[in-house]
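Chemist: Encoded as structure tokens, here's the structure I'll be asking about.
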Amino acid sequence: MSLFSSLQVSSSGMSAQRTRAEVLVENMANSETTRTPEGGPYKRKDVIFSSDQQASPFSAVFQNEIGTGVRVSDITQDQTAPDRRYMPGHPDADAAGYVAFPHMNPAEDMVDLLNASLTRLRGRAPRGARVVAAVPHGHWKTTTLIAALDCRGIRSSMALDGAVNRLAFEAFVGAVLVPTLHPGDLVIMDNLSSHKGPRVGQLIRAAQADLLYLPPYSPDFNPIENAFSKIKQLLRSLAARAVTDLWSGIQPVLDRITASDAAGFFRHCGYATKQK
């Protein structure tokens, strides 16, 4: 395969990843959309990849070289029945008081978006030279990183093989987070449904700590969003291409969230902190 063919393959992978990320963002933005121009709630979209044969006439005739890239072959809509919630005061409620919501898990889309973006977006090369890098595609695997941030850095974390759900998050709280809590600590979480299992509050309050949920759709009040921005960039630079390499590299990346970083994240979100 020639250098030009290699560049075409890498470019096709980056283009496909960009489309996938855009669709995931659209899914997350419409996770609560109950009315669309087509009628009914929003339907989750999925990107389908397929191989793309890249060949030039010269290489096909004289060298018989064929480079395989990737392309977006289709964007499908999830045909699963919508989730029904009893909200009789909602303008889209039916006669029985139920509202049809999109059948989707924003946490899974967030993890998929993280996966789609774990390739470096930029690079450096001598003037006039190209930056060449490999971009993986196909056979996606999901790793979920759950973490707690305090004014010293990342207090506790857990890597999960797959998407997070209520039971997995309760296991993190009970086995990983609670042992690090002190009486009087305040745990702040966003409104992700997996965060609201009945045992989450019980476990935290049993450690003489308090629990507070952020208002819906309030990432500006969540300092760990800023921490994960740095974590994602460091993981991109790590360029792990195997699960074992990714998992072994997570802790050193988390250790690079310093107390100075954490103080800046909290200050950026409007919090006044006092380190014990």
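The values are calculated or read from the model by the stated rules, or taken from the named source; none is laboratory data. Source: prediction; values computed, not measured. Please note: Cβ atoms are built from the backbone with ideal geometry, for glycine as well, and neighbour counts cover all protein chains shown.
Chemist: Evaluate segment 167-188: report whether one residue or more is within 15 Å of the chain's Cα centre (by Cα) and charged (D, E, K, R).
Modeler: no
Chemist: If you check Val135 against the conditions, is it hydrophobic (A, V, I, L, M, F, W, C) and at pLDDT 90 or above?
Modeler: no
Chemist: Among Leu186, Leu212, which is the only one that is loosely packed, with under 13 Cβ neighbours inside 10 Å, touching a strand residue (DSSP E or B) at 6+ places or on another chain (Cβ under 6 Å) and within 30 Å of His103 (Cα to Cα)?
Modeler: Leu212
Chemist: In segment 102-124, which residues are under 17 Å from Arg236 (Cβ atoms) and modelled with pLDDT of 75 or more?
Modeler: Selection gives Gly123, Arg124.
Chemist: Further question on the same structure: Within the group Val253, Val200, Val176, Val187, which residue is out of contact with any helix residue (DSSP H, G or I) (no Cβ under 6 Å at 6 or more places or on another chain) and either aliphatic (A, V, I, L, M) or within 17 Å of Cys151 (Cα to Cα) (or both)?
Modeler: Details: Val253 fails: out of contact with any helix residue (DSSP H, G or I) (no Cβ under 6 Å at 6 or more places or on another chain); Val200 fails: out of contact with any helix residue (DSSP H, G or I) (no Cβ under 6 Å at 6 or more places or on another chain); Val187 fails: out of contact with any helix residue (DSSP H, G or I) (no Cβ under 6 Å at 6 or more places or on another chain).
After applying the criteria, what remains is Val176.
Chemist: Look at Thr34 and say whether it is crowded, with 16+ Cβ neighbours inside 10 Å, modelled with pLDDT of 85 or more and assigned to a loop (DSSP other than H, G, I, E, B).
Modeler: Here the answer is yes, as Thr34 does meet what is asked.
Chemist: Against the condition of a type outside the set (Phe, Trp, Tyr) and farther than 27 Å from Ala133 by Cα, how does Gly249 come out, does it pass?
Modeler: Against the criterion (of a type outside the set (Phe, Trp, Tyr) and farther than 27 Å from Ala133 by Cα), Gly249 does not qualify.
Chemist: Moving on. Please identify the pairs in which a residue from segment 230-259 that is assigned by TED's automatic domain parsing to the domain that holds Leu149 and more than 17 Å from Ser157 (Cα to Cα) has its Cβ atom under 9 Å from the Cβ atom of a residue that is β-branched (Val, Ile, Thr) and assigned to a loop (DSSP other than H, G, I, E, B), counting only partners at least 6 apart or on another chain.
Modeler: Matching pairs, first to second residue: Arg236/Thr119; Ala239/Thr119.
Chemist: Of the residues that sit in segment 189-201 and are of a type in the set (A, V, I, L, M) and within 20 Å of Asn226 (Cα to Cα), which one is surrounded by the most Cβ atoms within 10 Å (Cβ to Cβ)?
Modeler: Met189
Chemist: Being modelled with pLDDT of 85 or more, touching a helix residue (DSSP H, G or I) at 6+ places or on another chain (Cβ under 8 Å) and closer than 21 Å to Phe172 by Cα is the requirement here; does Gly270 meet it?
Modeler: Answer is no for this residue.
Chemist: For segment 57-91, which residues satisfy the criterion of being hydroxyl-bearing (Ser, Thr, Tyr) and at pLDDT 85 or above?
Modeler: Pass one, segment 57-91, residues hydroxyl-bearing (Ser, Thr, Tyr): 59, 68, 73, 76, 80, 86.
Those that are hydroxyl-bearing (Ser, Thr, Tyr) and at pLDDT 85 or above: Thr76, Thr80, Tyr86.
Chemist: Working only within segment 189-216, note down all residues that are farther than 19 Å from Val164 by Cβ and outside any helix (DSSP H, G or I).
Modeler: Scanning segment 189-216 gives Ala207, Gln208, Ala209, Asp210, Leu212, Pro215.
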